[in-house]
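Engineer: My questions all concern the structure below.
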Amino acid sequence: MNINKLAGFSLGLLMVLLLFSPSLFAQNVLRIDGSSTVFPVIEYATSYWKNNPPITYSEFWPAEEYGIDTDKNLADYWAGLYGLDKFRVQKNLSHSGQGLRKVAKGNVDIGISSTAVRFEYPGKLEKELNKYTPHIIGYDRQAFSVSKEVYEAGCAVLTKEEIVGIFKGTITNWKGVNSCNYDREIQAVGRTVGSGTETMFRVNLFGSAEVSDLNGVDVRQGQNQMVKRTLVSSNNAIGYPGVEFITDENPAVEVTWDDGATYSVEDEGWPLGRPLYMYTWQGTSKKEAAFLRMILSDFGQDVFVEQNTDYYTLSDSEQAYQLDNLPEVE
Amino acid sequence: MINDQLKEKISPRFLLASVVFISFSVLFTFFVLFQTFNVYLFLLVVAGVVIGWIFYEDSTAKALLFAASTSAGTILILIASFLFIRGLPAFQEDPIFFIIGSEWDVYGEVYSLGPMIWGSIIVTLGATALAAPLGVSSAIFIGKFAPKWLRGILKPAIELLAGIPSVVYGFLGFVLLNRAIMDYFDISNLGQYFAPSIILGFMALPTIASVAEDAIDAVPTHLEKGALALGVTKWQAIKEVTLPSASSGITAALILGIGRAMGETMAVTMMIGHKTAFPSPLYDIFEPGETLTSLIASQIGEASGQSIDALMGAGLLLFFVVLALSVTSRLIQSRLQRRFRQG
């Protein structure tokens, strides 16, 4: 037998072992998967967690500013609240549906979703849905946005009836919109059916996702970027991209809603919003709670939601409610 | 000494069989993907190969080569059976409605592929209408008329066209072509059937050109020379002798091109409007629509439960149509080759 050969193969074997070892020793990891909408918040939270800044770096871990009395590093403190050591956080970007599927299967600990689970699975029994434990960490808003040419033609305020008409196909020309003086057919841009954004759009506008006659929608796009691109490259389009995708080339319009009031996208009460969910499965473990508590705290809301994304934070009462839903700290 | 005894007891054929079995397990391992248990199975296979290599290098090498060469076929069978198992439920309830119905409503849980099949047909026909004349003409020119230096430029150029990633085609189409067509024809929507047809035509062009050129090349030169000797012009000889002889090969090229256009996904997904309804009137290529491939690509990420089944059904349909197209094309090609070999 050739001893060199044997050595070579042993080395190969060892490398294979090393390759697989992360999955064998994956016990002390918090796994997160799901919606690309919620993902930016998670990404910032995870990078802070991973870098684990010490208390002396008050720029990144301003504990004192938020009335937190500790001398521990950031992640050590939040994990320590539940008597845990700092654990690793593994995040993966996919879709709401996948996050919800994986958390139910136990493939991940937290499934992030931009839509409530009851809208994602309308056919599921209440008993099954209740196994998903929801945590709302902030709000996203979609704007109604139009092509620049449309905006410049004076179409700056739309009523709810007009928007419904456009997406149902009963209004097909911009002439049919009251504030407009623009003779051009309307191109209505929707989102992929089944996606969190589309589901919440339907719920917000029609009260239910099961609307079968949205015949006015001409184009459906899978991402905010593509919606924006379509609005910008056209001269007749309307769509509902996320607030952060509004530019001078595709301005947001104001809407007059059910109550007769006119809202701009920054106003309290803007009708096209949706909560950002983090779902745990059948209650919330200490490990999950430690990470969630960091995001739900004043510190997390400010840093991860307010400063680093274009999303909207929870109101004080909502925040208190969400924190109450987590397991008690030790 | 002991080695020799062992070698006698274990015949190479038995060893071959066991290594093949082991290789299939490896494939299976990758297929069910990295569950903890499979790690040990995988290690077992590696250990088996290591031991085999040390004691019976020749037969192990032979078996590994065999396993590697059959892996493509095995994977094809695995894919086909997976699609069959997952896609069949969609056809079971009401197969006729599933194929020709007109509604795809994820929220109402009503699924039929009619508009997407129609979309695929329109887009593929459009692409073929562009690629077929261009491809066959360039095949004739490159094969028969082009001087050597020009041929040296044209042939690689066409092949390079095939090498451009489809996402680049899709990007150009989405950013430039969609808008240009919208302006030029004064249409109110991006993402009609028309623009992806053009892009797909360019993508199918290299396939058609190179296979058709092979077919024209395969026609024995004495046929053409015989005609020339009778006093016809070169074009007459090509028209009356070469092209009819190569016709089945050219047909094969067209079928391959159609298969390519029908199966292409990325470029279409980026350009098309994803409207899951029949255009009205049916032949209106300037309406936004959806094809089978772009349906799967755009919705699989958001799908759950029943809609996954329906998408798997779409995948199954697409798989067999494209498979049938390429098998047909192969059959025609081999018939052509046989004919000339006998002749």
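Values in this text are rule-based calculations from the coordinates and carry no lab data. Everything quoted here is computed from the prediction, not taken from an experiment. Methodologically, a virtual Cβ is constructed for each residue, glycine included, from the backbone with ideal geometry; neighbour enumeration extends over all protein chains shown.
Engineer: Which residues' amide hydrogens lie under 5 Å from the amide hydrogen of A:THR159, considering only partners 5 or more residues apart or on another chain, with H built in the peptide plane?
Structural biologist: Distant-sequence amide H within range of A:THR159: A:THR256.
Engineer: Rounded, prolate or oblate: which fits the range A:145-271 when a ≥ b ≥ c are the square roots of the eigenvalues of the alpha-carbon gyration tensor, with rounded for a/c under 1.5 and prolate only if a/b beats b/c?
Structural biologist: Numbers: a/c = 1.21, a/b = 1.11, b/c = 1.09.
Rounded.
Engineer: So, one more: What residue among B:THR293, B:THR328, B:THR60 has the largest mean-square fluctuation in a Gaussian network model of chain B, using Cα springs under 10 Å?
Structural biologist: Looking only at B:THR293, B:THR328, B:THR60, the biggest GNM fluctuation is shown by B:THR60.
Engineer: Let me ask something additional. Which cross-chain or sequence-distant (5 or more) residues have an amide H under 5 Å from the amide H of A:GLN187, H modelled 1.01 Å from N in plane?
Structural biologist: A:ALA237, A:ILE238
Engineer: Please list 3J(HN,Hα) in residue order for the range B:68-77, calculated via the Karplus relation 6.51 cos²θ - 1.76 cosθ + 1.60 where θ = phi - 60°; whole Hz, with x for glycine and proline.
Structural biologist: Here the 3J(HN,Hα) series is 5, 6, 8, 4, 4, x, 4, 5, 4, 5 Hz.
Engineer: From other protein chains only, count the Cβ atoms within 10 Å of every residue's Cβ in B:287-298, then give the mean.
Structural biologist: 1
Engineer: Now a separate question. Work from the charge dipole of chain B (Cβ charges, +1 for Lys and Arg, -1 for Asp and Glu, about the Cα centre) and give the residue of B:VAL241, B:ALA129, B:PRO95 farthest towards its positive end.
Structural biologist: Going by the charge dipole, the pick is B:VAL241.
Engineer: Pull up the cross-link candidates among the lysines for A:LYS86, meaning alpha carbon to alpha carbon under 28 Å and not fewer than 8 places away within one chain.
Structural biologist: A:LYS50, A:LYS72, A:LYS102, A:LYS105, A:LYS131, A:LYS286, A:LYS287
Engineer: What value, in deg cm²/dmol to 500, does the helix sum -39500 (n - 2.57) over DSSP H runs of n ≥ 4 give at 222 nm once divided by the residues of chain A? It would help to have the intermediate numbers written out before the result.
Structural biologist: Details: 12 runs with 115 residues, N = 330.
Taken over chain A, the calculation gives -10000 deg cm²/dmol.
Engineer: Take a quick pass over chain B and tell me how many lysine pairs come in under 24 angstrom between Cα atoms, counting only ones 8 or more apart or on separate chains.
Structural biologist: Final tally of qualifying lysine pairs is 13.
Engineer: When only Cα pairs under 8 Å and 6 or more residues apart are kept, what is the percent relative contact order across the range A:269-330? Each step should come with its number before you reach the end.
Structural biologist: Details: 25 pairs, mean separation 21.2, N = 62.
Relative contact order of the range A:269-330: 34 percent.
Engineer: A further question follows. Can you find, among A:PHE87, A:THR199, A:VAL146, the residue sitting farthest towards the positive end of the charge dipole of the range A:85-201, where Lys and Arg contribute +1 and Asp and Glu -1 at Cβ?
Structural biologist: Among A:PHE87, A:THR199, A:VAL146, the one farthest towards the positive end of the dipole of the range A:85-201 is A:PHE87.
Engineer: Distance in nm between label sites at A:LYS160 and B:SER334, each 7 Å beyond Cα in the beta-carbon direction?
Structural biologist: 6.7
Engineer: Report relative contact order for the range A:145-271 in percent, whole number only (criteria: Cα-Cα under 8 Å, sequence separation at least 6). Provide the component values of the computation, followed by the final result.
Structural biologist: Values: 218 pairs, mean separation 45.1, N = 127.
With pairs under 8 Å counted, the relative contact order is 35 percent.
Engineer: Please find, in a Gaussian network model of chain B (springs between Cα atoms separated by less than 10 Å), the residue of B:ALA127, B:ALA47, B:ALA218 whose mean-square fluctuation is greatest.
Structural biologist: It is B:ALA47.
Engineer: So what's the gap between the Cα centers of the range B:116-163 and the range B:255-308, to the nearest angstrom?
Structural biologist: Between the Cα centre of the range B:116-163 and that of the range B:255-308, the gap is 23 Å.
Engineer: Per residue of the range B:210-217, in order, report the coupling 6.51 cos²θ - 1.76 cosθ + 1.60 (Karplus, θ = phi - 60°) as ³J(HN,Hα) in whole Hz, putting x for Gly and Pro.
Structural biologist: These are the phi-based 3J(HN,Hα) values: 6, 5, 5, 5, 4, 5, 5, 4 Hz.
Engineer: In addition: Can you list the HN-Hα couplings for the range B:196-205, worked out from phi with the Karplus curve (6.51, -1.76, 1.60; θ = phi - 60°), rounded to whole Hz and with x for Gly and Pro?
Structural biologist: Ordered by residue, 3J(HN,Hα) equals x, 4, 5, 4, 5, x, 5, 6, 7, 3 Hz.
Engineer: If you place +1 on the Cβ of every Lys and Arg and -1 on the Cβ of every Asp and Glu, how big does the dipole about the Cα centre of the range B:140-284 come out, in debye to the nearest 20? The partial results should precede the final answer.
Structural biologist: On the way: 10 positive and 10 negative charges, 71 e Å.
Its charge dipole is roughly 340 debye.
Engineer: What is the total of Lys pairs in the range A:145-271 with C-alpha atoms under 20 Å apart, excluding same-chain pairs fewer than 8 positions apart? Spell out each step's value before the answer.
Structural biologist: On the way: A:LYS148/A:LYS175; A:LYS148/A:LYS228; A:LYS160/A:LYS168; A:LYS160/A:LYS175.
Taking the range A:145-271 as the scope, the lysine pair count is 4.
Engineer: For A:ARG31, list long-range residues whose amide hydrogen, built 1.01 Å from N in the peptide plane, is under 5 Å from its own amide hydrogen.
Structural biologist: Amide H neighbours of A:ARG31, under 5 Å, 5+ apart: A:GLN90, A:ASP109, A:ILE110.
Engineer: Rounded, prolate or oblate: which fits the protein assembly as shown when a ≥ b ≥ c are the square roots of the eigenvalues of the alpha-carbon gyration tensor, with rounded for a/c under 1.5 and prolate only if a/b beats b/c?
Structural biologist: On the way: a/c = 2.34, a/b = 1.20, b/c = 1.95.
Because a/c hits 1.5 or more and a/b fails to exceed b/c, the protein assembly as shown counts as oblate.
Engineer: Rounding to the nearest 10 and keeping the result within 0 to 90°, find how far the Cα-based axis of helix A:3-24 lies from the longest principal axis of chain A.
Structural biologist: Tilt relative to chain A: about 50 degrees.
Engineer: Please list, by residue number, every one of the chymotrypsin sites (Phe, Trp or Tyr not before Pro) in the range B:224-325 that is coil in DSSP and has at most 11 other beta-carbon atoms within 10 Å. List each step's numbers first, then the result.
Structural biologist: On the way: sites: B:TRP235, B:TYR283, B:PHE286, B:PHE319, B:PHE320; in loops: B:TYR283, B:PHE286.
Counting only loop positions with at most 11 other Cβ atoms within 10 Å, the chymotrypsin sites (Phe, Trp or Tyr not before Pro) in the range B:224-325 are B:TYR283.
Engineer: I've got another one for you. Using the alpha-carbon centroid of each, what span in Å lies between the range A:226-285 and the range A:99-114?
Structural biologist: A separation of 25 Å, based on Cα centres.
Engineer: Let me ask another. Compute a Gaussian network model of chain B, connecting alpha carbons closer than 10 Å, and tell me which residue from B:VAL322, B:VAL123, B:VAL46 fluctuates the most.
Structural biologist: In the Gaussian network model the winner is B:VAL46.
Engineer: Also: Using DSSP to define loop residues, name the chymotrypsin sites (Phe, Trp or Tyr not before Pro) in the range B:103-185 whose beta-carbon has at most 15 other beta-carbon atoms within 10 Å. Please list the in-between numbers first.
Structural biologist: Numbers: sites: B:TRP104, B:TYR107, B:TYR111, B:TRP118, B:PHE141, B:PHE145, B:TRP149, B:TYR169, B:PHE171, B:PHE174, B:TYR184, B:PHE185; in loops: B:TYR107, B:PHE185.
Filter output for the range B:103-185: B:PHE185.
Engineer: Can you compute the FRET efficiency between B:PHE55 and B:PHE21 using 1/(1 + (r/R0)^6), with r the Cβ-Cβ distance and R0 = 25 Å? Round to the nearest 0.05. Kindly include the intermediate steps, with their values, before the conclusion.
Structural biologist: Values: r = 18 Å, r/R0 = 0.70.
It comes out at approximately 0.90.
Engineer: If you find the alpha carbon centre of the range B:209-233 and of the range B:95-110, how far apart are they in angstrom?
Structural biologist: Spelled out, the Cα-based centre of one part sits 51 Å from the other.
Engineer: Here's a follow-up. Quick one: helix A:286-296 against the long Cα principal axis of chain A, what's the angle to the nearest 10°, folded into 0 to 90?
Structural biologist: Helix A:286-296 sits at roughly 40 degrees to that axis.
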